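**Student:** My questions will all concern the structure given below.
Taken together, the values in this text are just the output of simple stated rules run on the coordinates, not laboratory data. No experiment lies behind these values; they were computed from the predicted model shown. With ideal geometry, Cβ positions are generated from the backbone for all residues, glycine too; neighbour counts draw on all protein chains shown.
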Amino acid sequence: MPSYDPQNIFAKILRGELPCYKVYEDDKALAFLDIMPRAPGHTLVLPKAPARNLLDVKPDDLAAVAQVAQKVASAAMKVFSADGITLQQFNEGAGGQVVFHLHFHVIPRKAGVPMKPPASEKEKPEVLSDHALKLAAALKG
Ligand code: AMP
């Protein structure tokens with residue numbers, strides 16, 4: 001497996017070099033909206049520590065990310081009146097991974113509504129801002 005590339009786009013977001021629609025942050029993990037959501041509220045959860053994917057992440061960082069994914073999933077159920085949550089995580093190109101900093105997709109689902117194809121449509125900034133604010137508020141409790 002190739003080594004971690006610190007120039008990947010999520011590493012730049014983590015360093016504050018690129019913007020994101022932030023939903024949640026703690027000392028170990030960051031969650032922000034996917035700009036090409038497969039359903040409204042589609043959120044990415046990633047460890048702050050460098051890890052290419054599931055195959056090289058340190059167990060403690062993986063545990064921290066899983067805990068944040070659970071929090072985001074609970075908040076998204078309420079904010080988007082969801083009927084369920086799809087959790088996705090891809091490893092290496094053959095596994096469907098495009099950005100090589102480990103991330104989990106937390107996707108709120110409505111019964112009977114299919115997900116859009118991956119990376120099919122960039123959401124409007126005002127919609128992403130609104131969704132991020134609502135999720136962040138729900139996560140604050
Ligand atoms: P994958 O590596 O296959 O899990 O997919 C990467 C995901 O990152 C896709 O769902 C993209 O829509 C999303 N994405 C790419 N660039 C950005 C960005 N700058 N901010 C938020 N999401 C992004």
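**Student:** Between 14, 30, 102, which gets the highest mean-square fluctuation from a Gaussian network model of the chain, Cα cutoff 10 Å?
**Tutor:** 14
**Student:** So, one more: Determine the shape class of the range 9-140: with a ≥ b ≥ c the square roots of the Cα gyration tensor eigenvalues, call it rounded for a/c under 1.5, and otherwise prolate if a/b is greater than b/c, oblate otherwise.
**Tutor:** Numbers: a/c = 1.41, a/b = 1.29, b/c = 1.09.
Because its axes are fairly even, with a/c under 1.5, the range 9-140 counts as rounded.
**Student:** Taking DSSP loops as anything outside H, G, I, E and B, show the longest stretch in the chain free of trypsin sites (Lys or Arg not before Pro) there with at most 11 other beta carbons within 10 Å. Mind showing how you got there, number by number?
**Tutor:** Working: sites that count: 15, 122.
Excluding the exposed sites themselves, the longest stretch runs over 16-121.
**Student:** Ok, one more. Dipole magnitude of the chain about its Cα centre, charges +1 at Lys/Arg Cβ and -1 at Asp/Glu Cβ only, in debye to the nearest 20?
**Tutor:** On the way: 17 positive and 15 negative charges, 65 e Å.
Value, rounded to 20: 320 debye.
**Student:** Further question on the same structure: Place +1 on the Cβ of every Lys and Arg and -1 on the Cβ of every Asp and Glu in the chain, take the dipole about the Cα centre, and give the residue among 24, 75, 13 whose Cα lies farthest towards its positive end.
**Tutor:** Farthest towards the positive end: 75.
**Student:** How large is ³J(HN,Hα), in whole Hz, for each residue of the range 122-131 in order, when computed from phi with the Karplus curve 6.51 cos²θ - 1.76 cosθ + 1.60 and θ = phi - 60°, using x for Gly and Pro?
**Tutor:** Each residue's phi maps through the Karplus curve to give 7, 6, 5, x, 5, 5, 4, 4, 4, 5 Hz.
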